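Quick note: the coordinates plus some simple rules give every number you see, no bench work behind them. Bear in mind the structure is a predicted one, so any value in this text is a computation, not a measurement. Positions of Cβ are generated from backbone atoms using ideal geometry, with glycine treated the same way; all protein chains shown enter the neighbour counts.
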Amino acid sequence: MTCSRTKATAIVTGVLSPHSSMKIIDDLKSISCVSVSCDASNHGATKLIPVLVQYFDYRGEGIKSKILDIETVSDQTAATLVSLVSDQLQKYKITEKCIAFSGDNCIKNFGDRERAGTNNMFFKLKQKLGKVIIGIGCPAHVLNNAVHHGCDILPIEVELIIVKIYNHFSTYTVRTEKLRQFCNDNGMEYT
């Protein structure tokens, strides 16, 4: 199937987007708690803000993340982003279900280290929602810090394990070839 750019745009904005929105609304009806997150991405002079929602689907599907919307904004102030996020929460009827906010650990999102201050997104979102929400911070940083601090308290030396793994593969050509084949089979680059 081929179509022009205008027709493709009409299909995406007039059919696929509304269908996806309705599907997300249906999925979220039976969910009691959600977390919302957003981040900024510059695409040339355009500032793109994706707004995501994460939740646990108790029907056996586990943790899910859905993109609610990707908006363009003229500025990235806390007030602008809070307005954008709260509009999306209202659009999807999940304002009351929102219990947490996650975003990059920058001052604009969370204020200082203690998450104090009144001119950041976390504080303003709590005010806008009229309730206490949990500030999660950046999930990638949370995971990185957990691994970093976890390795610090391991009763073994991580470097020693890496050296042992290297020695295991490097001393025998057969093992090296098996590792190379494993990497190729799994789409990884062997270096």
* **In nm, spacing of pseudo-spin labels at N105 and K47 (7 Å Cα→C-beta vector)** => 2.3 nm
* Structure fact -> Scalar couplings 3J(HN,Hα) for the stretch 132-144 by Karplus 6.51 cos²θ - 1.76 cosθ + 1.60 (θ = phi - 60°), nearest whole Hz, x for Gly and Pro, are 7, 10, 8, x, 8, x, 7, x, 5, 5, 4, 5, 4
* To do: Give the long-range amide H neighbours of S102: residues separated by 5 or more places, or on another chain, with amide H under 5 Å away, using H modelled in the peptide plane at 1.01 Å from N.
  => V36, S37, C38, I136
* Qualifying lysines (Cα of each under 17 Å from Cα of K97; at least 8 residues distant if same chain) -> K29, K64, K66, K126, K128, K131
* **E71 long-range amide H proximity, modeled H, under 5 Å** => I49, V51
* In what sequence do S17, S30 fall when counting other Cβ within 10 Å, fewest first? -> S30, S17
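Sort out the exposed loop chymotrypsin sites (Phe, Trp or Tyr not before Pro) in the chain (DSSP loop, at most 12 other Cβ within 10 Å) and tell me the longest stretch that has none.
Longest gap between qualifying sites, sites excluded: 59-171.
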* **lysines with Cα under 18 Å of K178, excluding same-chain neighbours fewer than 8 positions away** => K164
* Structure fact -> Candidates L16, L84, L125; GNM for the chain (alpha-carbon contacts under 10 Å) flags as most fluctuating L16
* Given [x] 39, 27, 18; [y] 44, 23, 16; [z] 32, 21, 18 as candidate values of semi-axes √(5λ) of the Cα gyration tensor in Å, which corresponds to the one derived from the coordinates? -> [x]
* Under a GNM of the chain (C-alpha, springs under 10 Å), which listed residue has the highest mean-square fluctuation: N109, N42, N120? -> N42
* Structure fact -> Computed, not fitted: 222 nm per-residue ellipticity of the chain from DSSP H runs ≥ 4 (each -39500 (n - 2.57)), nearest 500, equal to -14000 deg cm²/dmol
* Asked: Short version: ³J(HN,Hα) in whole Hz for each residue of the stretch 48-53, in order, from phi by Karplus 6.51 cos²θ - 1.76 cosθ + 1.60 (θ = phi - 60°), x for Gly and Pro, what are they?
  -> 9, 10, x, 10, 10, 10
* Once you wrap a convex hull around the alpha carbon atoms of the stretch 90-144, what is its projected area averaged over all directions, in nm²? -> 4.1 nm²
* Asked: Using the alpha-carbon atoms, what tilt in degrees (0 to 90, nearest 10) does helix 17-29 show relative to the longest principal axis of the chain?
  -> 80 degrees
* Asked: What shape does the stretch 146-185 take by its C-alpha gyration tensor, where a ≥ b ≥ c are the square roots of the eigenvalues and a/c under 1.5 counts as rounded, a/b above b/c as prolate, and the rest as oblate?
  -> oblate
* Asked: Out of residues 5 or more away from D57 or on other chains, whose amide H comes under 5 Å of its own, with H placed 1.01 Å from N in the peptide plane?
  -> G62, I63, K64
* Name the residue, out of V36, V15, V73, whose mean-square fluctuation peaks in a Gaussian network model built on the chain with Cα pairs under 10 Å. => V15
